[in-house]
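**Student:** Quick one: this structure, given as structure tokens, is what I'll be asking you about.
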Amino acid sequence: MHDFLRHTKIFFLQGLKEDFIEKDRIISPLMLAVTMLLLLGIASATWDKEVLEKVYLAHLFLPVLFALQVAFHRIFEGEQKDQVIGVLRSYSIHFSSFFLAKFFLACMYGGLVIFPCIGLGCLLYPFVLMKIEGLYFWLTLGLSLGSLSALGVLLSALTLGASGRSVLFPILYFPLAIPVVLCSLNAMLAFSGENSLEVGCDWLILLGCFFVIFGTLGFLLFGELMKAH
Amino acid sequence: MKELIIGSILFALQIAVWVWSFFFVTTEVTQGDVYRIMYVHVPCAFSAFFASILLFFFSLGSLKNPNSHTHLLAKGAAEVGCLFTVLTLVTGSIWGRPTWGTWWTWDARLTTTLILALLYTSYLLLFAAMPHGTLRSKVCAIFGLLICADIPLIYKSVTWWRTLHQPPSLMTQNGNSAMSAEIYQQLCLAIVVTIGLSVWLIFYRFKNMKLKEELLHLSFEGNRL
């Protein structure tokens, strides 16, 4: 257990160091999300408030989803560039610790994209501030980010040896991400409404199931993937 | 030869079931003759789900033993599953036009079934993009397991969301069917025959792919010598 945590910490810090050298890996997804959100905000500036109250969540989710896809696709870029993955096989390390480190890095990048987008969303849609409150909203956000991160890291590892990876990754990622997004959106819509706590909790439980499924599959199978590569 | 005979029998049964469904079964009271497409649509949907269950088990087998040919069975299941999912969407669209007044709507069941079709297609693309070997077997097996996480969502979508698609009528929550006995029996027969046909298609496709791999292996060995 001690070795496992130590390996996780080493991989996490190494990945962080790599990505802060190549700042483009952090900045590109953020700029993409902010640009898309601004465009959506400008396009919907003249819409009725009733319509905006229904679509603002979709406006927030869409740029974040695309930006996260870009971030996850590049999560192993450092290791590929240095051809580290083949070398790692000769070391007696826990590959699950590698997955966990990448998962935390992915969550961190997701947070770096989501929080500025929420801030910008509060400026573009002023009523959002009143709706973003409470434990349930942040729990939904956390679970959806966790699910998408686990999925993104696993799919990124899956496609390491594939030709046309930049085209293949979004094709694999989006169909699997849509159920997570559907659950998150429905949960948040329920929590921001009145007397819908029970409905929102049902969606939250389903979202939790997806988090468990993707996280467990990633944790257990990542080692097999790395050994195969 | 044996497989061809079994396949011919299954195809003949399928055609017989369709002919009986379209021309001889009682007309439904509310929808009239339009409802008869149900005998194609519902069995195709069940076959698509069944193919995903087979994909799950073949993927597990392929992970356990990547050097076996189980990954070809999984690929066969994905191909047949994709075919039946597309047929489900097409027949559903044809049925929806006269009953709902539209070819397509972003309804829960339709959207989640479309996602399943996209997932099957993604699986086949992934299989084609990977180089031949144990890596491909493992990678596709893992993706196959991920696909199966979507199936409960599709099946339960009509009960979890308020949707245009009708709720479960083959077996409702109290265990009874919402259909008349004659329609129910005919539908069950159509489902069984279509699932049987899909299983035969999977295994026949597996046999073809296995032969192709063996030929490839032999030609590689011949070139090497």
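**Student:** Could you please let me know if B:Leu54 is farther than 26 Å from B:Thr112 by Cβ and in a helix (DSSP H, G or I)?
**Tutor:** no
**Student:** Against the definition (free of Cβ contacts under 8 Å to residues at least 24 places away in the same chain and within 21 Å of A:Leu160 (Cβ to Cβ)), how does A:Val87 come out, yes or no?
**Tutor:** yes
**Student:** Related question: Taking the condition β-branched (Val, Ile, Thr), within 29 Å of A:Ala101 (Cα to Cα) and surrounded by 12 or more Cβ atoms within 10 Å (Cβ to Cβ), does A:Ile21 pass?
**Tutor:** The answer is no for A:Ile21.
**Student:** Would you check if A:Met36 is farther than 20 Å from A:Leu151 by Cα, modelled with pLDDT of 85 or more, under 16 Å from the mean Cα position of the chain (by Cα) and of a type outside the set (Val, Ile, Thr)?
**Tutor:** no
**Student:** Can you tell me which of (1) away from chain B (no Cβ under 13 Å); (2) closer than 20 Å to A:Ala101 by Cα is the one A:Thr159 doesn't meet?
**Tutor:** Tallying (1) away from chain B (no Cβ under 13 Å); (2) closer than 20 Å to A:Ala101 by Cα, A:Thr159 fails exactly one: (1).
**Student:** Quickly run through segment B:63-98 and pick out the residues that are touching a Leu at 6+ places or on another chain (Cβ under 9 Å), farther than 24 Å from B:Leu197 by Cβ and in a helix (DSSP H, G or I).
**Tutor:** Those that are touching a Leu at 6+ places or on another chain (Cβ under 9 Å), farther than 24 Å from B:Leu197 by Cβ and in a helix (DSSP H, G or I): B:Leu63, B:Gly96.
**Student:** Does segment A:5-19 include one or more residues that are touching a Phe, Trp or Tyr at 6+ places or on another chain (Cβ under 7 Å) and more than 30 Å from A:Ser92 (Cβ to Cβ)?
**Tutor:** Among the residues of segment A:5-19, not one is touching a Phe, Trp or Tyr at 6+ places or on another chain (Cβ under 7 Å) and more than 30 Å from A:Ser92 (Cβ to Cβ), which makes the answer no.
**Student:** With the requirement that a residue be among the small types (Gly, Ala, Ser) and surrounded by fewer than 20 Cβ atoms within 10 Å (Cβ to Cβ), what does segment B:36-89 give you?
**Tutor:** Hits for segment B:36-89 are B:Gly61, B:Ser68.
**Student:** Identify the residue in segment A:77-122 that is aromatic (Phe, Trp, Tyr) and at pLDDT below 85 and, among all such residues, is surrounded by the most Cβ atoms within 10 Å (Cβ to Cβ).
**Tutor:** Applying the filter and picking the extreme gives A:Phe95.
**Student:** Being facing chain A (nearest Cβ under 8 Å) and acidic (Asp, Glu) is the requirement here; does B:Asp107 meet it?
**Tutor:** No.
**Student:** I would also like to ask the following. Do you know which residues across segment B:110-121 are more than 9 Å from chain A (Cβ to nearest Cβ) and either among the polar types (S, T, N, Q) or over 14 Å from the mean Cα position of the chain (by Cα) (or both)?
**Tutor:** B:Leu110, B:Thr113
**Student:** Shifting gears a bit: Conditions first: (1) aromatic (Phe, Trp, Tyr); (2) without any contact (Cβ under 8 Å) to a residue 12 or more places away in the chain; (3) touching a His at 6+ places or on another chain (Cβ under 7 Å). B:Trp95 passes all but one, so which condition is the exception?
**Tutor:** The number of the failed condition is (2).
**Student:** Of all residues being more than 8 Å from chain A (Cβ to nearest Cβ) and part of a helix (DSSP H, G or I) in segment B:122-135, which is surrounded by the most Cβ atoms within 10 Å (Cβ to Cβ)? Just the residue, please.
**Tutor:** By that ranking, first place goes to B:Tyr123.
**Student:** In addition: Grab the helices (runs of 4 or more DSSP H) fully contained in segment A:127-229, keeping just those with 3 or more residues being modelled with pLDDT of 85 or more.
**Tutor:** Those helices (runs of 4 or more DSSP H) span A:134-158, A:165-192, A:197-228.
**Student:** Looking at A:Val153, A:Val199, A:Val167, which is the one that is surrounded by fewer than 21 Cβ atoms within 10 Å (Cβ to Cβ), under 29 Å from A:Phe98 (Cβ atoms) and among the β-branched types (Val, Ile, Thr)?
**Tutor:** Result of the check over A:Val153, A:Val199, A:Val167: A:Val167.
**Student:** Then there is this: So B:Leu110 passes all but one of these: (1) modelled with pLDDT of 85 or more; (2) crowded, with 20+ Cβ neighbours inside 10 Å; (3) aliphatic (A, V, I, L, M). Which condition number does it fail?
**Tutor:** Condition not satisfied by B:Leu110: (1).
**Student:** Being in a helix (DSSP H, G or I) and either acidic (Asp, Glu) or within 20 Å of the chain's Cα centre (by Cα) (or both) is the filter here, so list the residues in segment B:99-109 that pass it.
**Tutor:** Answer for segment B:99-109, where residues must be in a helix (DSSP H, G or I) and either acidic (Asp, Glu) or within 20 Å of the chain's Cα centre (by Cα) (or both): B:Ala108, B:Arg109.
**Student:** Being within 24 Å of A:Ile213 (Cβ to Cβ) and more than 14 Å from chain B (Cβ to nearest Cβ) is true for just one of A:Tyr109, A:Tyr56, A:Tyr91, A:Tyr125. Which residue is that?
**Tutor:** Unique residue meeting the criteria: A:Tyr109.
The values are calculated or read from the model by the stated rules, or taken from the named source; none is laboratory data. Quick caveat, the model's predicted, so the values are computed rather than measured. Every residue, glycine as well, gets a Cβ built from its backbone with ideal geometry; the counts of neighbours run over all protein chains shown.
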